[in-house]
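The values are calculated or read from the model by the stated rules, or taken from the named source; none is laboratory data. Here the structure is a predicted model, which is why all the values come from computation and not from measurement. Heads up, the Cβs are rebuilt from the backbone with ideal geometry, glycines too, and the neighbour counts pull from every protein chain shown. For accessibility, only protein heavy atoms count, side chains too; no ligands or nucleic acids. Shrake-Rupley method; radii C 1.70, N 1.55, O 1.52, S 1.80 Å.
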Amino acid sequence: AATARAQSNPVSGDGDPNILTLPEHSKGLGQPVVTDGYGKPSKYEANVQRRQSPGLTQTAQASVSFAPLQSLFGIVTPSGLHFERHHQGWWDIDPSKHRLMINGSDASLLKTPKVFTMDELMRLPSVSRFHFIECGANTGMEWGNVAVPTVQYTHGMISCSEFTGVPLKILLDMCGVDYKRARFVLGEGADGSSMTRTVPMELIESGEVFVAYGQNGEMLRPENGYPLRLVVPGVQGVSWVKYLRRIEVGDKPYGTKDEAVHYIDLMKDGLHRQYTSTQECKSVVTTPSGGQVLLDKGFYNISGLAWSGKGKIKRVDVSVDGGRNWRTARLEGPVMSKALTRFNIDWSWDGKPAIIQSRAMDETGYVQPSYQQTRAVRGTRSIYHNNSIQSWLVQESGEVKNVQLS
Amino acid sequence: AATARAQSNPVSGDGDPNILTLPEHSKGLGQPVVTDGYGKPSKYEANVQRRQSPGLTQTAQASVSFAPLQSLFGIVTPSGLHFERHHQGWWDIDPSKHRLMINGSDASLLKTPKVFTMDELMRLPSVSRFHFIECGANTGMEWGNVAVPTVQYTHGMISCSEFTGVPLKILLDMCGVDYKRARFVLGEGADGSSMTRTVPMELIESGEVFVAYGQNGEMLRPENGYPLRLVVPGVQGVSWVKYLRRIEVGDKPYGTKDEAVHYIDLMKDGLHRQYTSTQECKSVVTTPSGGQVLLDKGFYNISGLAWSGKGKIKRVDVSVDGGRNWRTARLEGPVMSKALTRFNIDWSWDGKPAIIQSRAMDETGYVQPSYQQTRAVRGTRSIYHNNSIQSWLVQESGEVKNVQLS
Amino acid sequence: QSTAYPGVGRPATPKEVAAWDIDVRPDFKGLPKGSGSVAKGQDVWEAKCASCHGVFGEANEVFSPLVGGTTADDVKTGRVAKLMDPTFPGRTTLMKVSTVSTLWDYINRAMPWTAPKSLTTEEVYGVTAYLLNMGGIVPDNFVLSDKTIAEAQARMPNRNGMTTDHAMWPGKGIGHNKPDVQAKACMSDCAPEAKVGSFLPAFARNNHGNLAEQNRLVGPQRGADTTQPEGA
Amino acid sequence: QSTAYPGVGRPATPKEVAAWDIDVRPDFKGLPKGSGSVAKGQDVWEAKCASCHGVFGEANEVFSPLVGGTTADDVKTGRVAKLMDPTFPGRTTLMKVSTVSTLWDYINRAMPWTAPKSLTTEEVYGVTAYLLNMGGIVPDNFVLSDKTIAEAQARMPNRNGMTTDHAMWPGKGIGHNKPDVQAKACMSDCAPEAKVGSFLPAFARNNHGNLAEQNRLVGPQRGADTTQPEGA
Ligand code: HEC
Ligand code: HEC
Ligand SMILES: [Ca+2]
Ligand SMILES: [Ca+2]
Ligand SMILES: [Ca+2]
Ligand SMILES: [Ca+2]
Ligand SMILES: [Ca+2]
Ligand SMILES: [Ca+2]
Ligand SMILES: [Co+2]
Ligand SMILES: [Co+2]
């Protein structure tokens, strides 16, 4: 049978041998403190790894690894499991030699171009904020049809961390930027691809954008841009430039490779939408989800993640009958702007086939659409910005499948 | 000189060679995705480790390691740096064999004693919440006088994580607990020490206490109780029983070894306070802090942590003149009940000696006291619950010292 | 302003700005003076690019093609006809990119893949010219330079293929603010009986590896053993 | 109630509860029947405990002493006089613990250190009796049992040494709710000029290892090189 083996919980005879016979760890001396000065997960958690989707990319340096959402709790993504997206490979850069330059597309756009060391940046007023980062191509493989089996591959190009850094506004102020004319900002990385992306000045003026060195309490991980990256809340990950070496202010957008060849969304009429940056409201059930096998009938906690690039999540509804009827889920606090929000809802599974979906709504009132709705407007070739409602089919065997409804 | 070497930021000649000569990582191909399926910090971060305080304990299995607060950002403690406190060593327990039993000190206190597997617990309604955990003995070495050099050792027995698990109330309800008579709860671990601690039923009834399997998005780390620990927000860490195997409800407190020999607070009159569980409001500046050397005069962001076992932090004030004058710091959101709160405040250092302090206030209106105030009431032999205001002396050399004022 | 943060930051020198300010915008701001012929570009291409992108930019077995899918007619209209054909599978670089500045900037900063920023300005001009030539956009005798680049850009096959008529730019000046897809939050009797329209075919069951090894060994679930047929 | 969560949890069997429910409360609820003499306890002690805790419970060079610091007078008053002497440095277990139940419970669950839960009930009774005997609490011919344990507990030297007169129990039934230390949040001209009263002596500078290696290599600070004298 496809049914997975649940932990035995027998009552035959006197009871469970795991109770009646004391385990070794109740009868011995364990390991000392600082066995690891920097600890690691249990050996029983070895299946919880980030992974590549076979065949998705042609090289492993211009590629992606997906976070194992099916195994995560709450909203914080462990930094070791943060999804990766590199364009020309990742580096472990010596922070003592890293510099951030700020300049203008022409000299008239600011008073003084400046250079900052990491030491200096870390002396400036800092903010610490929780935000999700989602690749614009997350769920992109699913635009046309079901292509991958698990939520790791359908939605795993998203992670959420507490980032710490300096509001970019402070740095631009120090350079004397002419905010009237300089309405666009270019972020540039120090890696081989020297990734460049245009960001609207409005997001800097609001105080939201910051240059981050901290992630989940420690420094950024090398795979995520150590020692400095741009944090652009609500905007697709490619704009969160890693290994950030330069910020330029300008009076026009830059039409960079990742704004003119990639991260452009092909519509039905053959036009590409350019400068699509916002990640619209979206959600997904992570437990249960594709590729899992439920152990038994009975009670389950349906759990998932919701987010919006436009602010806070207001509500998440869950359906277990493929979208015919919906119930509103509990949101775990804190519900933060442009951060993941964890939702949970009770479910008693009667053993019959069930189709589980979640539908998020954000504080602007925007409602996450169905595949029918997104495809009606955008077709199936966009690659980017697929925020359609995800369906998981729980079969009688307990095995859960990624499906799309017709 | 004692002055540390800052990153060079020269303007001599044409400019900084770190800019003029492109670094290797701007001119080559980096490493592929999934170099590590579970990533790790940069090699330049190797100094950021948890550590033992030399001579503090007689064995390394009944001991403590301290989190490096001087190097942490925001409020999330990276799980690899979470402080450790073991009583008979730590274990990596097979979760398929771990059980949780719920029983009564006598049979009349509940309808049915029950056993749960981990599979089953993880099917129940879950909550995810950020909470600090602080050892009751944190800052205990400093009751009498300055004893240790850095904030890692003065305050490093605290960490803050997003925990995920099942409210204990749900489990007690399933057993049919008689809440009228059962006013105390015993938590018991499965390690050699089988740690036992009494918790008041009020904290279970409020819904606050939960049995956690998740920490910062993944499972608990083995050092922190994998696969199950009790989360008792606001209460000293020893009550957050690790490797939780059993919950007993009773009508009296249990007077366990860690309630009758340790974690009792010796007062001036020779009496020990028993059942002191709450961690009162406290704060500490982590940057700058003892053992550090400031690089230069000029602007600094003073940053630190505040927390209260009784609710939310309302305000944090900072003094740079040893408590004569105070300014109110910025609190980073979200400010959550019984969680760490990060505060920041501007400071321009003129190069003269300065004594930096922080003073937190919680939503009950309680104000963190000075050493003079705590000692006047509690003397200097309590070991536990030292929440006095910490002082750091910034010397003209830039070197920062742990000091206490007379 | 900078007096607010004494001791932090310093002016950049002109040479420093020159060393790092390499971006080239669609209006050619940032483009250094210089030139390169198609012929010179072909030499660069064959020496430094063809190994990955193919002798004719058609890619080899590993990399996506840069060239192909565009027609002389596209060069006239500025719209790539194949993009309007939903059955056409691939999308080459030249089918998508609307600006020569983008190619110039990207080749200059990031190519060749294993030695980015190693090309001279002349090589970048030349190899960009050669790419455009392979795409039928400029003639064999074309010399791409800061003077002729606007002319080349005006012939890009997809130059009229971009739209900013959307609500996904989080600032002013581009697009608008009304989301294109509008859904409602119906709560009961919303949709007809659900029918599954797409799922992974049985032969793809194990394509992503054994899912039993990609799920935690404890919890409400196990991972399906995809080395076995379903239900086995 | 349990119908709310079908399929989750099951009743514990009596044998399962017996296997794990080992706690013993101050009112001796949970204490199994049985007994052990001081003499029998001495054998257990010397075989299984003395190596760590010393032949007389005085500890060896490594472990804290269990016995010592209490007097015959303390046994009468139930208050350990040495706890009232702030100059007395150490605090042994018997100076602090007010309940024999606590010792019984802890030895039963956690000792010997490397083989917890290996003692028989009789051994626990005996070795607890021997501990009390070394502390001058029970006589040489004492037999500790479920019958006599209350009597022994009534002789504990610190049995009157505990107070719950505090606000640090987060429930009802113990203590009160008014914090003992009351501070005010003065904002200006609060304290007299600060004077440093305590700091680490120079000889202790490197006691915690080189602090240069315990701080990040980048940021507003470095760690002090404590292998060198200050200012060197
Ligand atoms: C060793 C392999 C290799 C070599 C040599 C190489 N490239 Fe590339 N090229 C790549 C890869 C891989 C990408 C995709 C990078 C990414 O996805 O970010 C790429 C991308 C490009 C692109 C952008 C295509 C698109 O649609 O995104 C252009 C244009 C390009 N290369 C031109 C060149 C030129 C011109 C040269 C020689 C001067 C060159 N390449 C040499 C591997 C190579
Ligand atoms: C291998 C070393 C070792 C052996 C053998 C050993 N102990 Fe212990 N004992 C310890 C350590 C270490 C602790 C402290 C544990 C802690 O801090 O949680 C301790 C704690 C205790 C305590 C509590 C003391 C206090 O103040 O917390 C008692 C009582 C005790 N042991 C009794 C015994 C008895 C009785 C035996 C023999 C049956 C025994 N020990 C054998 C190492 C040992
Ligand atoms: Ca520029
Ligand atoms: Ca009991
Ligand atoms: Ca400086
Ligand atoms: Ca807009
Ligand atoms: Ca069951
Ligand atoms: Ca109370
Ligand atoms: Co991306
Ligand atoms: Co503790």
Taking amide H atoms as placed 1.01 Å from N in the peptide plane, list the residues 5 or more away in sequence, or in a different chain, whose amide H sits under 5 Å from that of A:I355. A:D321, A:G322, A:V394
Once phi for every residue in the range D:29-36 is put through the Karplus expression 6.51 cos²θ - 1.76 cosθ + 1.60 (θ = phi - 60°), the whole-Hz ³J(HN,Hα) values, with Gly and Pro written as x, are 4, x, 6, x, 5, x, 7, x
Could you give the longest part of chain B that holds none of the trypsin sites (Lys or Arg not before Pro) found in DSSP loops with at most 12 neighbouring Cβ atoms within 10 Å? B:181-406
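Counting other Cβ atoms within 10 Å of each Cβ, which trypsin sites (Lys or Arg not before Pro) in the range D:156-196 have at most 14 and sit in a DSSP loop? Provide the component values of the computation, followed by the final result.
Details: sites: D:R159, D:K172, D:K184, D:K195; in loops: D:R159, D:K172, D:K184, D:K195.
Passing both the DSSP loop test and the Cβ count: D:K172, D:K184, D:K195.
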Quick check: the distance between the Cα centres of the range B:109-188 and the range A:306-360, to the nearest angstrom? 28 Å
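Mind scanning A:K312/B:K310; B:K43/B:K297; A:K114/A:K180 and naming the pairs with a C-alpha gap bigger than 23 Å? Write down the numbers at each step before the final one.
On the way: A:K312/B:K310 27 Å; B:K43/B:K297 29 Å; A:K114/A:K180 20 Å.
A:K312/B:K310; B:K43/B:K297, as the Cα separations exceed 23 Å there.
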Fully extended, how many nm does the chain gain between A:T364 and A:E24 (0.36 nm per residue separation, minus their Cα-Cα distance)? 116.9 nm
Innermost chain D residue relative to the axis carrying D onto C, by Cβ distance in angstrom: D:R216, 17
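If you put +1 on each Lys and Arg Cβ and -1 on each Asp and Glu Cβ, how big is the dipole of the range B:282-403 around its Cα centre, in Debye rounded to 20?
Working: 17 positive and 10 negative charges, 120 e Å.
Here the size comes out at about 580 debye.
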How far apart, in nm, are the 7 Å Cα→Cβ label points at D:V55 and C:A47? 8.9 nm
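Within the P(r) computed for the range D:35-153, what percentage of the Cα pairs occupies the region above 22 Å?
Working: 2018 of 7021 pairs.
Value for the range D:35-153: 29 percent of Cα pairs lie more than 22 Å apart.
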Kindly express, to the nearest 10 degrees and within the range 0 to 90, the angle between helix C:100-110's C-alpha long axis and the longest C-alpha principal axis of chain C. 80 degrees
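About the Cα centre of chain C, what is the dipole size in debye to 20, counting +1 per Lys and Arg Cβ and -1 per Asp and Glu Cβ, all else neutral? Don't jump to the answer; show the numbers that get you there.
Values: 24 positive and 24 negative charges, 125 e Å.
Approximately 600 debye in magnitude.
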When chain D is modelled as a GNM with alpha-carbon springs shorter than 10 Å, which of D:P220, D:P179, D:P32 fluctuates the most? D:P220
Quote the relative contact order of chain D in percent (integer), defining contacts as alpha-carbon pairs under 8 Å separated by 6+ residues. 20 percent
What are the ³J(HN,Hα) values, in whole Hz, obtained from phi via the Karplus relation 6.51 cos²θ - 1.76 cosθ + 1.60 with θ = phi - 60°, for each residue of the range A:379-387 in sequence order, with x given for Gly and Pro? x, 10, 10, 5, 6, 9, 6, 8, 10
So the A/C interface buries, both sides summed and with a 1.4 Å probe, an accessible area in Å² (nearest 100) of 9600 Å²
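How high is the relative contact order of chain A? Use alpha-carbon pairs under 8 Å, at least six apart in sequence, and give a whole percent. All intermediate terms of the calculation are to be shown ahead of the outcome.
Working: 950 pairs, mean separation 67.1, N = 406.
The value is 17 percent.
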Computed, not fitted: 222 nm per-residue ellipticity of chain A from DSSP H runs ≥ 4 (each -39500 (n - 2.57)), nearest 500, equal to -2000 deg cm²/dmol
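For Cα pairs less than 8 Å apart in space and 6+ apart in sequence, what is the mean separation divided by the residue count of the range B:282-403, i.e. the relative contact order in percent? It would help to have the intermediate numbers written out before the result.
Working: 296 pairs, mean separation 41.1, N = 122.
Dividing the mean separation by the residue count of the range B:282-403 yields 34 percent.
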Once label points are set 7 Å from the Cα along Cα→Cβ at both D:N210 and A:D14, what is their separation, rounded to one decimal in nm? 5.9 nm
Among B:G379, B:G309, B:G37: highest mean-square fluctuation, GNM of chain B, C-alpha pairs under 10 Å: B:G37
Which residue fluctuates the most in chain A, going by a Gaussian network model with Cα springs under 10 Å, if the choices are A:S108, A:S159, A:S289? A:S108
For the residue pair D:D27 and C:A4, what label-to-label distance in nm results when each label sits 7 Å from Cα along the Cα-to-beta-carbon direction? 6.5 nm
Give the residue from A:M336, A:S348, A:S382 lying farthest towards the positive end of the charge dipole for the range A:282-403; charges sit on Cβ (+1 for Lys and Arg, -1 for Asp and Glu) and the dipole is referred to the Cα centre. A:S382
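Past 23 Å, Cα to Cα, is the threshold; run C:K29/C:K117; A:K27/B:K111; B:K97/D:K15; C:K82/C:K195 against it and keep the listed order. List each step's numbers first, then the result.
Numbers: C:K29/C:K117 19 Å; A:K27/B:K111 31 Å; B:K97/D:K15 18 Å; C:K82/C:K195 33 Å.
Those over the limit are A:K27/B:K111; C:K82/C:K195.
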For the range A:142-155, take each phi angle, set θ = phi - 60°, evaluate the Karplus expression 6.51 cos²θ - 1.76 cosθ + 1.60, and give the result in whole Hz per residue in order, putting x for glycine and proline. 9, 4, x, 5, 5, 10, 9, x, 10, 5, 4, 8, 6, 10
Name the residues whose placed amide hydrogens come within less than 5 Å of the amide hydrogen of A:V367, ignoring near sequence neighbours (fewer than 5 apart) on the same chain. C:A183
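Rounded to a whole number, what is D in µm²/s for the protein assembly as shown from Stokes-Einstein with the Kirkwood radius over alpha-carbon pairs (20 °C, 1.002 mPa s)?
On the way: Rh = 32.9 Å.
For the chosen part, D equals 65 µm²/s.
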Give me the distance between the Cα centres of the range A:228-268 and the range D:202-230, rounded to whole Å. 41 Å
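May I ask for the percentage of alpha-carbon pairs in the range A:282-403 that lie more than 17 Å from each other?
Numbers: 4092 of 7381 pairs.
Of the Cα pairs, 55 percent sit more than 17 Å apart.
Heavy atoms only, probe 1.4 Å: what % of the accessible area of the protein assembly as shown goes to carbon and sulfur, would you let me know? Walk me through the numbers before you get to the answer.
Details: 22180 of 41050 Å².
Answer for the protein assembly as shown: carbon and sulfur cover 54 percent of the accessible area.
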Shortest first and in nm to one decimal, what separations exist between B:G176 and its copies in the other chains, measuring from label points 7 Å along the Cα-to-beta-carbon line? 8.1
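Can you give the accessible area per residue of the protein assembly as shown, in Å², using a 1.4 Å probe?
Details: 41050 Å² over 1276 residues.
Dividing the accessible area of the protein assembly as shown by its residue count gives 32 Å².
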